[in-house]
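Trainee: The structure's right below; bear with me while I get my questions together.
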Amino acid sequence: MNESIQQTPGRLVIVSNRLPVVLERSEGTLTTRPGSGGLVTALAPVLRDRGGIWIGWSGMPDDVQKEVDHVLTDSSLSAGYTLKAVPLSGQEFEDYYQGFANEILWPLFHDLQSHCHFDPAYWTAYRSVNRKFASHIRDTVEAADFIWVHDYHLMLAAAELRGMGVENPLGFFLHIPFPPPDIFFKLPWRFQILSSMLAFDLIGFQTMRDKRNFVQCVRMLLPGTSVRSEGGFHVLRHDAREVRAGVFPISIDYGEFERRARGREVAESAWYIHEALPDRQIVLGVDRLDYTKGIPYRLKAFRSALRHHPELLEKITLVQVVVPSRIDIPKYNDLKIEIEQLVGEINGEFTRSGWVPIHYIFRHLTRGELLGYYRTAEIALITPVKDGMNLVAKEYIACNLEANGVLILSEFAGAVAQLHRDALLVNPYDIEGMGNAIYNAFSMSPAERKRRMHRLRATVRRYDIYRWVEAFLEAAVSRHLQDFPVVSEYIPPADSPDIGVSI
Ligand code: ADQ
């Protein structure tokens, strides 16, 4: 770990909507198990080393809060840092989380304003839950602690804390994109959200595009704010307070993915997957059920590939894994129905004896199964219509040990800024173009695959999740962004994005 991080005074206080543990009730008893995911893995050692606290909602109803607190005290001992739950009532969950976060901010920040449901009751709940989080933070922190708030659920937290007199250094990382002014301005509460964000000291975005959108919104909506560039940041000065905005593309625990992919469980799972699909290239899609992931366009592109390139028939299988998510929100259920209808239509049109073109999986996979697919698939088809980063792309790369896979990546995933040189890029709205990219990937020579995949692997290995945590925490104490990839903005070419593919 970098020395400057260890030398920063005070503890680290992480704040996110959900705690990094999963609480479950089995036979009447509440238990916890560690949450998965790179963020927890990367932050846990820092929290343990310098002393830390993680504040978030437990996922349990607030009438069992005493029991939750009790269980979390035990989990804190085994985790080596303190877990503190913010209780939420059923109504708060509906209006703040399902409502404002997932029916307003999520679609709007992914440029899908037609999916937004601008209910004023949602805004009232969002404000009051952000205030509730702030009062829990205030009651927990000590003067020198660094508070790092995560994601769009808690964009008002800093302003609430400042209003309560908390003057600790405050960082914020936005995991999802920040929209351009024309879209952001549709938000009825745009002024309150934007001005509240300026109460943080450091704001991290996934890409240059997100940072630029944010700065443009501030310039237009809060004209009294001065903006300057300094040490790799944009520094915004408003009401005698300065906030620095920087770019920190999030990543994965590369070493851990690679290590597990090498293990026996994954090797066996990969072997069985291919054994069941002999002489075929597997095209893999893995997504949460979400309209931002572009699944229907992708299915249509696969159909277009089969229609226009008959060489693919019986030689290629799309495995589309969809992880159930937010199914209580009507738009998500509509999407599920649309996906299932398309899968049925395409399989109905092309299936031959011994070959079903799309294998559709709608459930959580075990880690071993997921990594088995990553390890063995010849092509990853990752085509969100918009995505903050997209970790699946990086996980696929880390698990592609033989370096024989091809990554087809949307121009609108944040990951494109780092991976554009060696992935096949597609516009997810261009169905035929995407179909051609599938064909190009299928036909790509082993040497070209290796060349590209080696470079992709080197990039993700170098800029892993540990480097990301280190860069953010270092930025919190230093005035300069040091030795971190200043990723250039990806600008789509004048011609079709997959031009120049040599196969
Ligand atoms: P997400 O929208 O959830 O994250 P993504 O970055 O792709 O999107 O992460 C999905 C995670 O779920 C991956 O780590 C993956 O391993 C896991 N997963 C997927 N399928 C699974 C399955 N079948 N079983 C088990 N686990 C599965 C948000 C933003 C992204 C941003 C991340 C991190 O929307 O743009 O990259 O946060 O900042």
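Trainee: If 322, 227, 477 are ordered by their accessible area, calculated over protein heavy atoms with a 1.4 Å probe, which sequence runs from highest to lowest?
Mentor: My answer, sorted largest first, is 477, 227, 322.
Trainee: Still on this model: Please report the antiparallel percentage of DSSP beta bridges with both residues in the chain, rounded to the nearest 5.
Mentor: Working: 17 of 65 bridges.
Here the antiparallel bridges make up roughly 25 percent for the chain.
Trainee: Got a number for carbon plus sulfur as a percent of the chain's accessible area, 1.4 Å probe?
Mentor: Working: 10160 of 19970 Å².
Whole-percent figure for carbon plus sulfur exposure: 51.
Trainee: Here is a further query. Can you pull out the GluC sites (Glu not before Pro) in the stretch 1-102 that DSSP calls coil and that have at most 16 other Cβ atoms within 10 Å? Walk me through the numbers before you get to the answer.
Mentor: Working: sites: 3, 24, 27, 67, 92, 94; in loops: 27.
Sites meeting the loop and neighbour criteria: 27.
Trainee: Residue 78 to residue 128: FRET efficiency via 1/(1 + (r/R0)^6), r the Cβ-Cβ distance, R0 35 Å, to the nearest 0.05? Kindly include the intermediate steps, with their values, before the conclusion.
Mentor: Values: r = 33 Å, r/R0 = 0.94.
Approximately 0.60, to the nearest 0.05.
Trainee: Over the Cα atoms, compute the radius of gyration (one decimal) and Dmax (the largest Cα-Cα distance, rounded to a whole number) for the stretch 254-462, in Å.
Mentor: In Å, with Rg to one decimal and Dmax whole: 15.9, 46.
Trainee: Which parts of the stretch 83-109 would a label at residue 221 reach, counting a residue when its backbone N lies under 18 Å from a point 7 Å out along Cα-to-Cβ?
Mentor: Within reach of a label on residue 221: 100-109.
Trainee: Which FRET efficiency value, to the nearest 0.05, is calculated for residue 143 and residue 311 with the Förster distance at 60 angstrom and r the Cβ-Cβ distance?
Mentor: Values: r = 67 Å, r/R0 = 1.12.
Plugging the Cβ-Cβ distance into 1/(1 + (r/R0)^6) gives 0.35.
Trainee: While we're here: Compute the separation of the alpha-carbon centres of the stretch 351-406 and the stretch 52-110 and state it in Å as a whole number.
Mentor: Here the two parts' Cα centres lie 31 Å apart.
Trainee: Which angle between 0 and 90 degrees, to the nearest 10, do you get for helix 295-308 versus the longest principal axis of the chain when only C-alpha atoms count?
Mentor: Result, in degrees: 20.
Trainee: OK, next. How much FRET efficiency would the formula 1/(1 + (r/R0)^6) give for residue 94 and residue 445, where r is the Cβ-Cβ distance and R0 is 45 Å, rounded to 0.05?
Mentor: Working: r = 53 Å, r/R0 = 1.19.
Computed FRET efficiency for residue 94 and residue 445 comes out at 0.25.
Trainee: As a test of reading the structure, rank 364, 136 by solvent-accessible area (1.4 Å probe, protein chains only), most first.
Mentor: Details: 364 130, 136 60 Å².
Sorted by accessible area, descending: 364, 136.
Trainee: Any idea of the accessible area per residue across the chain, 1.4 Å probe, to the nearest Å²?
Mentor: 40
Trainee: Can you give the accessible area of residue 495 in Å² (nearest 10), computed on protein heavy atoms with a 1.4 Å probe?
Mentor: Its accessible surface works out to 100 Å², give or take rounding.
Trainee: Next up: What would the Debye equation give as log₁₀ I(q)/I(0) for the chain at q = 0.10 Å⁻¹, counting only Cα atoms as equal point scatterers?
Mentor: Here the Debye-derived log intensity ratios amount to -0.81.
Trainee: Take the alpha-carbon positions of the stretch 2-247, form their convex hull, and give its projected area averaged over all directions (one quarter of the hull surface) in nm².
Mentor: Result: 13.6 nm².
Trainee: Report, please, the projected area of the stretch 286-337 averaged over directions, based on the convex hull of its C-alpha atoms, in nm². Don't skip to the end; give the middle numbers.
Mentor: Working: hull surface 15.4 nm².
The directionally averaged projection comes out at 3.8 nm².
The values are calculated or read from the model by the stated rules, or taken from the named source; none is laboratory data. Note that the coordinates shown come from a computational prediction; the quantities given were computed from them, not determined experimentally. Using ideal geometry, Cβ is built from the backbone for each residue, glycine included, and neighbour counts are taken over all protein chains shown. Side chains included, ligands, DNA and RNA excluded: accessible areas come from the protein's heavy atoms. Shrake-Rupley method; radii C 1.70, N 1.55, O 1.52, S 1.80 Å.
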